[in-house]
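The values are calculated or read from the model by the stated rules, or taken from the named source; none is laboratory data. Remember, predicted model here, so these are calculated numbers, not experimental data. Don't worry about glycine lacking a Cβ; one is built from the backbone with ideal geometry, like all the others, and counts go over all protein chains shown. Keep in mind that these areas ignore ligands, DNA and RNA; they rest on the heavy atoms of the full protein, side chains included. Shrake-Rupley method; radii C 1.70, N 1.55, O 1.52, S 1.80 Å.
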Amino acid sequence: MLVKSMKYRIKFDKELYKVLDDITYYSSKIKNLATTMIYDWQQFSFSYNNRFGEYPKPKDILQTNVATDINRQIKENDEFSFINSTIRETSAKEAIDFFNRKDVKTDLLKGNRTLQTYRRDGSFPMRAQSIKNLEKVKTGLYKVNLSLLSIAGRKMYERKKGQFEVELLSSRKSNSSPNIILDRIITGEYTMSDSKIAKNRKGQYTLILAYKFPKNEVIINEDKVMGIDLGVAVPATIAVSDDSWYREFVGSAQEIRDFERQTESRRKRLSRSRKWAGQGNSGRGYKKRTEATNKISDKIARFKDTKNHQWSKFIVDEAVKKGVGLIQLEDLSGISSNSNKESNLFLKRWTYYDLQQKIEYKAQEFGIEVTKVAPRYTSARCNKCGYIHINEDKALWRPSQDKFKCVNCGHEDNADVNA
(Lines give C-alpha, C1' and ligand atoms only; values in the text may rest on other atoms or scores of the structure.)
Protein backbone atom coordinates (compact mmCIF):
# COMPACT_ATOMS: atom_id res chain seq x y z
CA MET A 1 0.00 0.00 0.00
CA LEU A 2 1.14 3.55 -0.75
CA VAL A 3 0.36 6.64 1.32
CA LYS A 4 -0.15 10.07 -0.23
CA SER A 5 -1.89 13.25 0.89
CA MET A 6 -4.09 16.04 -0.45
CA LYS A 7 -4.98 19.43 1.03
CA TYR A 8 -8.58 20.53 1.55
CA ARG A 9 -9.58 23.94 2.89
CA ILE A 10 -11.82 23.92 5.94
CA LYS A 11 -14.71 26.34 5.49
CA PHE A 12 -14.62 29.22 7.98
CA ASP A 13 -16.79 28.95 11.05
CA LYS A 14 -16.13 31.32 13.95
CA GLU A 15 -16.50 28.77 16.76
CA LEU A 16 -14.61 26.06 14.86
CA TYR A 17 -11.69 28.34 13.96
CA LYS A 18 -11.40 29.48 17.59
CA VAL A 19 -11.09 25.84 18.71
CA LEU A 20 -8.59 25.09 15.93
CA ASP A 21 -6.53 28.14 16.97
CA ASP A 22 -6.41 26.94 20.56
CA ILE A 23 -5.56 23.34 19.66
CA THR A 24 -2.82 24.47 17.24
CA TYR A 25 -1.24 26.64 19.92
CA TYR A 26 -1.38 24.07 22.72
CA SER A 27 -0.32 21.25 20.40
CA SER A 28 2.87 23.23 19.73
CA LYS A 29 3.38 23.54 23.50
CA ILE A 30 2.93 19.76 23.85
CA LYS A 31 5.53 19.14 21.13
CA ASN A 32 7.99 21.57 22.73
CA LEU A 33 7.44 20.01 26.17
CA ALA A 34 7.93 16.50 24.76
CA THR A 35 11.11 17.61 22.96
CA THR A 36 12.52 19.16 26.14
CA MET A 37 11.70 16.09 28.23
CA ILE A 38 13.27 13.58 25.85
CA TYR A 39 16.31 15.83 25.48
CA ASP A 40 16.63 16.01 29.28
CA TRP A 41 16.48 12.20 29.43
CA GLN A 42 19.23 11.95 26.82
CA GLN A 43 21.48 14.31 28.79
CA PHE A 44 20.76 12.41 32.02
CA SER A 45 21.65 9.13 30.25
CA PHE A 46 24.98 10.55 29.09
CA SER A 47 25.83 11.78 32.59
CA TYR A 48 24.78 8.46 34.13
CA ASN A 49 26.93 6.55 31.66
CA ASN A 50 29.96 8.77 32.35
CA ARG A 51 29.61 8.13 36.08
CA PHE A 52 28.64 4.46 36.20
CA GLY A 53 29.85 3.11 32.85
CA GLU A 54 26.43 2.08 31.60
CA TYR A 55 23.24 3.71 30.35
CA PRO A 56 20.23 3.73 32.71
CA LYS A 57 17.14 1.68 31.93
CA PRO A 58 14.02 3.89 31.79
CA LYS A 59 11.93 1.33 33.70
CA ASP A 60 14.38 1.42 36.63
CA ILE A 61 14.21 5.22 36.87
CA LEU A 62 10.78 6.15 35.51
CA GLN A 63 8.93 2.86 36.15
CA THR A 64 7.93 2.96 32.45
CA ASN A 65 9.39 3.85 29.05
CA VAL A 66 10.26 7.45 28.14
CA ALA A 67 7.35 8.01 25.72
CA THR A 68 4.77 6.79 28.25
CA ASP A 69 6.29 8.98 30.96
CA ILE A 70 6.08 12.03 28.69
CA ASN A 71 2.42 11.30 27.86
CA ARG A 72 1.67 10.86 31.56
CA GLN A 73 3.13 14.29 32.31
CA ILE A 74 1.13 15.85 29.48
CA LYS A 75 -2.09 14.17 30.64
CA GLU A 76 -1.62 15.57 34.15
CA ASN A 77 -1.15 19.11 32.80
CA ASP A 78 -4.53 20.88 33.07
CA GLU A 79 -3.86 23.36 30.25
CA PHE A 80 -3.91 20.51 27.72
CA SER A 81 -6.95 18.74 29.15
CA PHE A 82 -9.47 20.29 26.72
CA ILE A 83 -7.81 18.61 23.69
CA ASN A 84 -8.95 15.21 22.45
CA SER A 85 -6.60 12.59 23.95
CA THR A 86 -5.52 11.20 20.56
CA ILE A 87 -4.40 14.66 19.43
CA ARG A 88 -2.40 15.10 22.65
CA GLU A 89 -0.71 11.71 22.29
CA THR A 90 0.06 12.01 18.57
CA SER A 91 1.41 15.55 19.05
CA ALA A 92 3.88 14.21 21.59
CA LYS A 93 4.69 11.21 19.38
CA GLU A 94 5.42 13.50 16.43
CA ALA A 95 8.00 15.42 18.47
CA ILE A 96 9.53 12.26 19.97
CA ASP A 97 9.81 10.53 16.59
CA PHE A 98 11.50 13.57 15.07
CA PHE A 99 13.97 13.84 17.95
CA ASN A 100 14.80 10.12 17.66
CA ARG A 101 15.66 10.35 13.98
CA LYS A 102 19.26 9.27 13.52
CA ASP A 103 20.27 12.35 11.51
CA VAL A 104 18.68 14.71 14.04
CA LYS A 105 20.41 13.05 16.99
CA THR A 106 23.74 13.05 15.19
CA ASP A 107 23.51 16.74 14.26
CA LEU A 108 22.51 17.64 17.83
CA LEU A 109 25.50 15.80 19.28
CA LYS A 110 27.84 17.44 16.78
CA GLY A 111 26.39 20.88 17.50
CA ASN A 112 25.24 21.28 13.89
CA ARG A 113 21.64 22.01 14.88
CA THR A 114 19.70 23.37 17.82
CA LEU A 115 16.83 21.72 19.62
CA GLN A 116 13.68 21.72 17.50
CA THR A 117 11.16 24.43 18.39
CA TYR A 118 7.58 24.14 17.16
CA ARG A 119 5.73 27.28 16.10
CA ARG A 120 2.45 28.23 17.72
CA ASP A 121 0.82 28.58 14.27
CA GLY A 122 2.08 25.27 12.86
CA SER A 123 -0.02 22.11 12.56
CA PHE A 124 -1.43 19.34 14.70
CA PRO A 125 -2.01 15.65 13.89
CA MET A 126 -5.35 13.94 13.37
CA ARG A 127 -5.63 10.16 13.74
CA ALA A 128 -7.66 8.42 11.05
CA GLN A 129 -10.23 7.23 13.60
CA SER A 130 -10.85 10.88 14.58
CA ILE A 131 -11.99 11.71 11.04
CA LYS A 132 -15.42 10.17 10.50
CA ASN A 133 -18.58 10.22 8.37
CA LEU A 134 -17.09 11.69 5.20
CA GLU A 135 -19.89 12.47 2.73
CA LYS A 136 -20.32 14.41 -0.48
CA VAL A 137 -22.72 17.37 -0.45
CA LYS A 138 -22.13 18.45 -4.05
CA THR A 139 -19.23 18.83 -6.45
CA GLY A 140 -16.47 20.68 -4.59
CA LEU A 141 -18.14 20.46 -1.17
CA TYR A 142 -17.84 17.61 1.35
CA LYS A 143 -18.72 17.15 5.02
CA VAL A 144 -16.77 15.28 7.67
CA ASN A 145 -16.80 14.96 11.46
CA LEU A 146 -13.59 15.80 13.32
CA SER A 147 -13.09 14.72 16.95
CA LEU A 148 -11.32 17.71 18.53
CA LEU A 149 -12.38 18.10 22.16
CA SER A 150 -12.23 15.97 25.30
CA ILE A 151 -14.98 15.88 27.94
CA ALA A 152 -13.25 18.80 29.67
CA GLY A 153 -13.12 20.62 26.36
CA ARG A 154 -16.83 20.17 25.79
CA LYS A 155 -17.51 21.85 29.15
CA MET A 156 -14.97 24.57 28.41
CA TYR A 157 -16.56 25.51 25.05
CA GLU A 158 -20.12 24.71 26.25
CA ARG A 159 -20.73 22.02 23.65
CA LYS A 160 -22.69 18.77 23.82
CA LYS A 161 -20.21 16.95 21.59
CA GLY A 162 -16.48 17.00 21.10
CA GLN A 163 -16.99 16.39 17.40
CA PHE A 164 -17.37 19.19 14.86
CA GLU A 165 -19.16 18.80 11.54
CA VAL A 166 -16.74 20.43 9.13
CA GLU A 167 -17.23 21.47 5.51
CA LEU A 168 -14.30 20.73 3.19
CA LEU A 169 -13.89 22.87 0.09
CA SER A 170 -12.52 21.01 -2.91
CA SER A 171 -12.28 21.66 -6.65
CA ARG A 172 -15.35 22.68 -8.63
CA LYS A 173 -14.31 20.34 -11.43
CA SER A 174 -15.92 16.96 -10.86
CA ASN A 175 -13.09 14.98 -12.49
CA SER A 176 -10.28 16.71 -10.60
CA SER A 177 -7.87 14.73 -8.39
CA PRO A 178 -9.03 16.26 -5.05
CA ASN A 179 -12.64 15.19 -5.74
CA ILE A 180 -11.71 11.76 -7.08
CA ILE A 181 -9.65 11.03 -3.95
CA LEU A 182 -12.51 11.90 -1.58
CA ASP A 183 -15.01 9.96 -3.71
CA ARG A 184 -12.79 6.87 -3.60
CA ILE A 185 -12.40 7.18 0.18
CA ILE A 186 -16.21 7.27 0.47
CA THR A 187 -16.61 4.16 -1.71
CA GLY A 188 -13.84 2.33 0.17
CA GLU A 189 -11.46 2.11 -2.78
CA TYR A 190 -9.00 4.25 -0.82
CA THR A 191 -8.42 4.10 2.94
CA MET A 192 -8.03 7.15 5.12
CA SER A 193 -4.77 7.40 7.06
CA ASP A 194 -3.43 9.59 9.88
CA SER A 195 -3.57 13.21 8.73
CA LYS A 196 -2.89 16.80 9.85
CA ILE A 197 -4.63 20.14 10.23
CA ALA A 198 -2.55 23.22 9.39
CA LYS A 199 -3.03 26.96 8.98
CA ASN A 200 -1.91 28.59 5.74
CA ARG A 201 -0.52 32.08 5.21
CA LYS A 202 -4.00 33.45 4.56
CA GLY A 203 -5.17 32.34 7.99
CA GLN A 204 -7.28 29.51 6.54
CA TYR A 205 -7.21 26.03 8.03
CA THR A 206 -6.62 23.04 5.77
CA LEU A 207 -7.04 19.34 6.34
CA ILE A 208 -3.97 17.60 4.95
CA LEU A 209 -5.75 14.33 4.33
CA ALA A 210 -3.55 11.23 4.04
CA TYR A 211 -4.90 8.19 2.23
CA LYS A 212 -3.68 4.69 1.34
CA PHE A 213 -4.13 2.83 -1.91
CA PRO A 214 -2.61 -0.25 -3.58
CA LYS A 215 0.37 0.00 -5.94
CA ASN A 216 -0.29 -0.25 -9.66
CA GLU A 217 0.78 -3.64 -10.97
CA VAL A 218 3.20 -3.30 -13.89
CA ILE A 219 5.78 -5.60 -15.47
CA ILE A 220 9.27 -4.38 -14.62
CA ASN A 221 12.79 -5.68 -15.07
CA GLU A 222 14.88 -5.14 -11.95
CA ASP A 223 18.06 -5.18 -14.06
CA LYS A 224 16.85 -2.40 -16.36
CA VAL A 225 18.01 1.06 -15.23
CA MET A 226 16.87 4.53 -16.24
CA GLY A 227 19.47 7.23 -15.69
CA ILE A 228 18.48 10.89 -15.27
CA ASP A 229 21.00 13.67 -15.81
CA LEU A 230 20.33 17.21 -14.71
CA GLY A 231 21.36 19.96 -17.10
CA VAL A 232 21.34 23.74 -17.34
CA ALA A 233 19.92 23.96 -20.87
CA VAL A 234 17.66 20.88 -20.54
CA PRO A 235 16.34 20.25 -17.00
CA ALA A 236 16.38 16.44 -17.31
CA THR A 237 17.81 14.02 -19.86
CA ILE A 238 16.82 10.37 -19.55
CA ALA A 239 18.37 7.22 -20.99
CA VAL A 240 17.78 3.49 -20.45
CA SER A 241 20.55 0.93 -19.86
CA ASP A 242 19.53 -1.64 -22.47
CA ASP A 243 18.66 0.76 -25.32
CA SER A 244 21.56 2.72 -26.79
CA TRP A 245 19.18 4.64 -29.11
CA TYR A 246 16.61 5.73 -26.53
CA ARG A 247 16.94 9.25 -25.17
CA GLU A 248 14.47 11.90 -24.07
CA PHE A 249 15.09 15.57 -23.30
CA VAL A 250 12.57 16.65 -20.68
CA GLY A 251 11.53 20.27 -20.19
CA SER A 252 13.09 23.61 -21.00
CA ALA A 253 15.22 25.61 -18.59
CA GLN A 254 14.77 28.68 -20.79
CA GLU A 255 11.01 28.45 -20.29
CA ILE A 256 11.53 28.70 -16.53
CA ARG A 257 14.02 31.57 -16.87
CA ASP A 258 11.71 33.53 -19.17
CA PHE A 259 8.74 33.08 -16.84
CA GLU A 260 10.83 34.10 -13.81
CA ARG A 261 12.20 37.15 -15.61
CA GLN A 262 8.78 38.31 -16.82
CA THR A 263 7.09 37.69 -13.48
CA GLU A 264 9.91 39.28 -11.48
CA SER A 265 9.86 42.33 -13.76
CA ARG A 266 6.14 42.68 -13.19
CA ARG A 267 6.60 42.29 -9.44
CA LYS A 268 9.22 45.05 -9.33
CA ARG A 269 7.02 47.42 -11.35
CA LEU A 270 4.09 46.75 -9.05
CA SER A 271 6.29 47.15 -5.97
CA ARG A 272 7.47 50.57 -7.14
CA SER A 273 3.90 51.63 -7.87
CA ARG A 274 2.75 50.82 -4.31
CA LYS A 275 4.14 54.07 -2.91
CA TRP A 276 2.05 56.08 -5.37
CA ALA A 277 -1.14 54.10 -4.74
CA GLY A 278 -4.12 55.65 -3.03
CA GLN A 279 -4.81 54.96 0.63
CA GLY A 280 -7.75 52.69 -0.22
CA ASN A 281 -5.55 50.62 -2.49
CA SER A 282 -2.35 50.45 -0.49
CA GLY A 283 -3.62 50.35 3.07
CA ARG A 284 -1.60 51.36 6.10
CA GLY A 285 0.24 48.19 7.05
CA TYR A 286 3.22 46.52 5.41
CA LYS A 287 1.23 43.31 4.88
CA LYS A 288 -1.47 45.12 2.91
CA ARG A 289 1.05 47.06 0.81
CA THR A 290 2.95 43.92 -0.17
CA GLU A 291 -0.11 41.72 -0.70
CA ALA A 292 -0.22 42.18 -4.48
CA THR A 293 3.52 41.64 -4.97
CA ASN A 294 3.49 38.52 -2.79
CA LYS A 295 0.77 37.02 -4.99
CA ILE A 296 3.01 37.49 -8.02
CA SER A 297 5.97 35.90 -6.23
CA ASP A 298 3.76 32.91 -5.40
CA LYS A 299 3.07 32.49 -9.13
CA ILE A 300 6.72 31.56 -9.74
CA ALA A 301 6.62 28.86 -7.07
CA ARG A 302 3.32 27.49 -8.44
CA PHE A 303 4.71 27.52 -12.00
CA LYS A 304 7.77 25.51 -10.93
CA ASP A 305 5.60 23.10 -8.96
CA THR A 306 3.36 22.54 -11.98
CA LYS A 307 6.34 21.94 -14.27
CA ASN A 308 7.89 19.48 -11.82
CA HIS A 309 4.59 17.58 -11.71
CA GLN A 310 4.42 17.44 -15.51
CA TRP A 311 8.05 16.42 -15.97
CA SER A 312 8.06 13.82 -13.18
CA LYS A 313 4.88 12.25 -14.58
CA PHE A 314 6.41 12.05 -18.06
CA ILE A 315 9.62 10.49 -16.70
CA VAL A 316 7.82 7.84 -14.62
CA ASP A 317 5.39 7.09 -17.48
CA GLU A 318 8.41 6.48 -19.73
CA ALA A 319 9.96 4.21 -17.08
CA VAL A 320 6.73 2.18 -16.96
CA LYS A 321 6.59 1.89 -20.76
CA LYS A 322 10.19 0.66 -20.83
CA GLY A 323 9.69 -1.77 -17.94
CA VAL A 324 12.38 -0.05 -15.87
CA GLY A 325 13.00 -1.49 -12.41
CA LEU A 326 15.39 1.18 -11.13
CA ILE A 327 15.64 4.96 -11.64
CA GLN A 328 18.99 6.57 -10.83
CA LEU A 329 19.14 10.25 -9.91
CA GLU A 330 22.13 12.40 -9.11
CA ASP A 331 22.71 13.16 -5.45
CA LEU A 332 23.06 16.92 -5.57
CA SER A 333 23.02 17.57 -1.81
CA GLY A 334 26.17 19.67 -2.08
CA ILE A 335 25.02 22.23 -4.63
CA SER A 336 24.33 24.91 -2.02
CA SER A 337 27.97 25.04 -0.99
CA ASN A 338 29.04 25.83 -4.54
CA SER A 339 26.18 28.05 -5.67
CA ASN A 340 28.45 30.74 -7.15
CA LYS A 341 28.61 28.81 -10.43
CA GLU A 342 25.86 29.51 -12.94
CA SER A 343 24.80 25.88 -13.30
CA ASN A 344 24.67 25.20 -9.56
CA LEU A 345 22.82 28.46 -8.95
CA PHE A 346 20.19 27.43 -11.47
CA LEU A 347 19.88 23.95 -9.93
CA LYS A 348 19.39 25.49 -6.50
CA ARG A 349 16.74 27.95 -7.68
CA TRP A 350 14.98 25.42 -9.87
CA THR A 351 14.01 23.22 -6.85
CA TYR A 352 15.44 20.01 -8.28
CA TYR A 353 14.91 18.35 -4.91
CA ASP A 354 11.18 18.85 -5.38
CA LEU A 355 11.39 17.18 -8.80
CA GLN A 356 13.30 14.27 -7.24
CA GLN A 357 10.62 13.82 -4.57
CA LYS A 358 7.87 13.87 -7.17
CA ILE A 359 9.70 11.27 -9.26
CA GLU A 360 10.19 9.10 -6.16
CA TYR A 361 6.58 9.03 -4.98
CA LYS A 362 5.20 8.61 -8.52
CA ALA A 363 7.64 5.73 -9.13
CA GLN A 364 6.56 4.07 -5.86
CA GLU A 365 3.03 3.75 -7.25
CA PHE A 366 4.41 1.28 -9.81
CA GLY A 367 6.92 -0.47 -7.54
CA ILE A 368 9.90 1.15 -9.29
CA GLU A 369 12.90 1.71 -7.03
CA VAL A 370 14.62 5.11 -6.99
CA THR A 371 18.21 5.63 -5.87
CA LYS A 372 20.61 8.57 -5.77
CA VAL A 373 24.18 8.18 -6.97
CA ALA A 374 27.26 10.35 -6.46
CA PRO A 375 27.45 12.85 -9.34
CA ARG A 376 31.26 12.93 -9.36
CA TYR A 377 32.72 12.24 -12.82
CA THR A 378 29.30 11.49 -14.39
CA SER A 379 29.93 14.20 -16.97
CA ALA A 380 33.56 13.18 -17.52
CA ARG A 381 33.08 9.41 -17.79
CA CYS A 382 32.53 7.69 -21.13
CA ASN A 383 29.42 5.49 -21.03
CA LYS A 384 30.95 3.06 -23.57
CA CYS A 385 34.43 2.29 -22.22
CA GLY A 386 34.23 3.84 -18.73
CA TYR A 387 37.26 6.08 -19.23
CA ILE A 388 37.24 9.14 -16.96
CA HIS A 389 38.59 12.38 -18.43
CA ILE A 390 40.19 14.02 -15.41
CA ASN A 391 43.70 14.75 -16.72
CA GLU A 392 42.86 15.70 -20.31
CA ASP A 393 42.19 19.17 -21.65
CA LYS A 394 38.41 19.63 -21.43
CA ALA A 395 38.34 21.14 -24.91
CA LEU A 396 39.32 17.73 -26.31
CA TRP A 397 36.53 15.64 -24.75
CA ARG A 398 33.91 18.40 -24.27
CA PRO A 399 34.27 20.53 -27.43
CA SER A 400 30.93 22.26 -26.71
CA GLN A 401 28.29 22.43 -23.99
CA ASP A 402 26.17 19.71 -25.61
CA LYS A 403 28.85 17.43 -27.08
CA PHE A 404 30.96 14.66 -25.55
CA LYS A 405 33.87 12.90 -27.31
CA CYS A 406 35.88 10.16 -25.61
CA VAL A 407 39.63 10.51 -26.21
CA ASN A 408 40.12 6.84 -25.31
CA CYS A 409 37.66 4.97 -27.57
CA GLY A 410 36.42 7.78 -29.82
CA HIS A 411 32.74 7.41 -28.76
CA GLU A 412 30.70 10.56 -29.40
CA ASP A 413 27.36 11.45 -27.86
CA ASN A 414 25.21 14.23 -26.51
CA ALA A 415 26.90 15.29 -23.25
CA ASP A 416 23.73 14.97 -21.15
CA VAL A 417 22.83 11.59 -22.66
CA ASN A 418 26.32 10.32 -21.91
CA ALA A 419 26.09 11.48 -18.32
Gain in span if fully extended, ASN221 to ALA395, counting 0.36 nm per residue against the direct Cα distance: 58.8 nm
Largest-first ordering by accessible area, 1.4 Å probe, given options LYS384, LYS215: LYS384, LYS215
Loop GluC sites (Glu not before Pro), the stretch 180-274, which have at most 13 other Cβ atoms in a 10 Å radius of their Cβ (DSSP): GLU189, GLU217
Calculated FRET efficiency for the pair ASN112/SER171, C-beta based, R₀ 56 Å, to 0.05: 0.85
Protein accessible area in the stretch 137-201, 1.4 Å probe - carbon and sulfur %: 46 percent
For the stretch 153-206, size of Cβ-based charge dipole, Lys and Arg +1, Asp and Glu -1, in debye: 380 debye
Inter-label distance, nm, simple model (7 Å from Cα along the C-beta direction), ARG159/LYS57: 4.4 nm
Rounded if a/c under 1.5, otherwise prolate or oblate - the stretch 54-118, Cα gyration tensor axes: oblate
Per residue convex hull volume, Cα atoms of the stretch 1-134, in Å³: 163 Å³
Length released on extending from SER85 to ALA128, taking residue separation times 0.36 nm less the Cα-Cα span: 14.1 nm
Spatial extent of the chain: Rg and Dmax, with the Cα atoms as the point set, Å: 26.5, 81
Euclidean distance between Cα centres, the stretch 1-63 to the stretch 225-267, Å: 41 Å
Highest-fluctuation residue, ASN71, ASN112, ASN175 considered, GNM on the chain with Cα pairs under 10 Å: ASN112
Surface per residue (accessible, 1.4 Å probe) for the stretch 79-211, Å²: 56 Å²
Between the stretch 92-145 and the stretch 148-184, the alpha-carbon center distance in angstrom: 18 Å
Length released on extending from THR191 to PHE44, taking residue separation times 0.36 nm less the Cα-Cα span: 48.7 nm
Semi-axis lengths, Å, the stretch 370-419, gyration tensor of Cα atoms, sqrt of 5 times eigenvalues: 18, 11, 11
In the stretch 41-137, GluC sites (Glu not before Pro) in a DSSP loop with at most 15 other beta-carbon atoms within 10 Å: GLU54, GLU76
Relative contact order, percent, the chain [alpha-carbon distance under 8 Å, six or more residues apart]: 14 percent
